[in-house]
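Working notes, structure below.
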Amino acid sequence: MGKVYLTGAGPGDIELLTLKALRVIKEADVIIYDRLANPDILEEAKSGCEFVYVGKEDGRHIVPQDDINEVIYQNALKHENVVRLKGGDPFVFGRGGEEALYLYERGVEFEIIPGITSAISAPAYAGIPVTHRGVSVSFRVVTGHESPNKKESQIPWDTFKTDDTIVFLMGLHNLPKISKKLMEIGKPSSYPCAVISRGTTKHQSVVVGTLENIVEKTKDVPTPALIVVGRVVELRDQLKWFGENV
């Protein structure tokens, strides 16, 4: 039985891949990768390495998570070094915990290799610091897409009222609900927010608006995208350094 490396691929820019992640990718016998991992990373694999795609396309899961768990396990039975390559960080809404538990229950050795999450890197590439002295002393990262199988939402909207910076991952399709909820709890309609599409890549685009108009301004924005809400968005005019809007 082999060992599984649950590996963060980072947010998109291949140069944001960690040295440790690069090492295990070069040593891998098989790489099980998803849609958000930069495909150029696979070129770093050794000759003869197998590749298994288990990506989730926008709005639909090509391979259900339960099946992905089993794919990882079955490959661990056949290969010495198995890399499960996941966009961003495995433990930041990446279901890495679920995959690790599945392996633990079956006696498979695993290692977690963190990756740079888009929650901080995409705003950074957009010129938006998630914290800034005198503006924001904290930030919260929230899923923008809960499982449709949940009986009720786990998002504690009422607690968001005093948050300095809020980052919603995978929330573009739910942006109307998100902006409405934030205004309902007391955030002003003029409160600044930004949507960052395909952050840290050459296709990055950034749309800045307010809770009141951001839905209309982003109706044609492609996924993957994240949402940043907070006064830190106002720093973009001075700090933007990357992408088509510079």
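The values are calculated or read from the model by the stated rules, or taken from the named source; none is laboratory data. Just so we're clear, the structure is a prediction, and the values are computed from it rather than from any experiment. Cβ sites come from the backbone with ideal geometry, for glycine too, and all protein chains shown count toward neighbours. Side chains are part of the model used for accessible areas, which takes the heavy atoms of the whole protein and leaves out ligands, DNA and RNA. Shrake-Rupley method; radii C 1.70, N 1.55, O 1.52, S 1.80 Å.
Can you compute the FRET efficiency between Val63 and Lys20 using 1/(1 + (r/R0)^6), with r the Cβ-Cβ distance and R0 = 22 Å? Round to the nearest 0.05. The pair Val63/Lys20 has a calculated efficiency of 0.25. Would you work out which of Phe51, Ile178, Ile32 lies farthest towards the positive end of the dipole of the chain, given +1 charges on the beta-carbon of Lys and Arg and -1 on that of Asp and Glu, about the Cα centre? Checked the options; the winner is Ile178. Accessible area of Ser136 (1.4 Å probe, protein heavy atoms only, ligands and nucleic acids ignored): about 0 Å².
The angle separating the long axis of helix 175-184 from the principal Cα axis of greatest extent in the chain is about 50 degrees. Per residue, the chain exposes 51 Å² of solvent-accessible protein surface, assessed with a 1.4 angstrom probe and all protein chains in place. Once you reduce region 176-246 and region 19-44 to the center of their Cα atoms, the two points are 30 Å from each other. For the residue pairs Lys3/Lys78; Lys181/Lys219; Lys56/Lys180; Lys20/Lys86; Lys177/Lys217, alpha carbon separations beyond 20 Å are given by Lys56/Lys180. The stretch between Ser153 and Tyr104 holds 14.8 nm of extra length on full extension. This uses 0.36 nm per residue minus the Cα-Cα distance. The angle separating the long axis of helix 65-78 from the principal Cα axis of greatest extent in the chain is about 30 degrees. If r is the Cβ-Cβ distance from Asp40 to Glu216 and R0 is 45 Å, what FRET efficiency results, to the nearest 0.05? The computed FRET efficiency comes out at 0.80. Of the solvent-accessible surface of the chain, computed with a 1.4 Å probe and all protein chains present, 50% belongs to carbon and sulfur.
Treating only the Cβ of Lys, Arg, Asp and Glu as charged (+1, +1, -1, -1), what charge dipole size does the chain show about its Cα centre? Round to the nearest 20 debye.
Working: 29 positive and 33 negative charges, 123 e Å.
For this selection, approximately 600 debye.
Rounded to the nearest 20, the size of the Cβ-charge dipole of region 125-193 about its Cα centre is 60 debye, with Lys and Arg at +1 and Asp and Glu at -1.
How much length, in nm to one decimal, is gained on full extension between Glu70 and Glu146, taken as 0.36 nm per residue of separation minus their Cα-Cα distance? Mind showing how you got there, number by number?
Working: separation 76, 0.36 × 76 = 27.36 nm, distance 2.29 nm.
Gain on stretching Glu70 to Glu146: 25.1 nm.
Just check region 89-190 against the gyration tensor rule for me: Cα atoms, a ≥ b ≥ c as the square roots of the eigenvalues, rounded for a/c under 1.5, and otherwise prolate or oblate depending on whether a/b exceeds b/c.
On the way: a/c = 2.59, a/b = 1.51, b/c = 1.72.
Oblate shape, in that a/c is at least 1.5 and b/c is the bigger or equal ratio.
Under a Gaussian network description of the chain, with springs only between Cα atoms under 10 Å, the residue in Pro123, Pro11, Pro64 that fluctuates furthest is Pro64. Remark: the Cα gyration tensor places region 158-246 in the prolate category, a/c being 1.5 or greater and a/b exceeding b/c.
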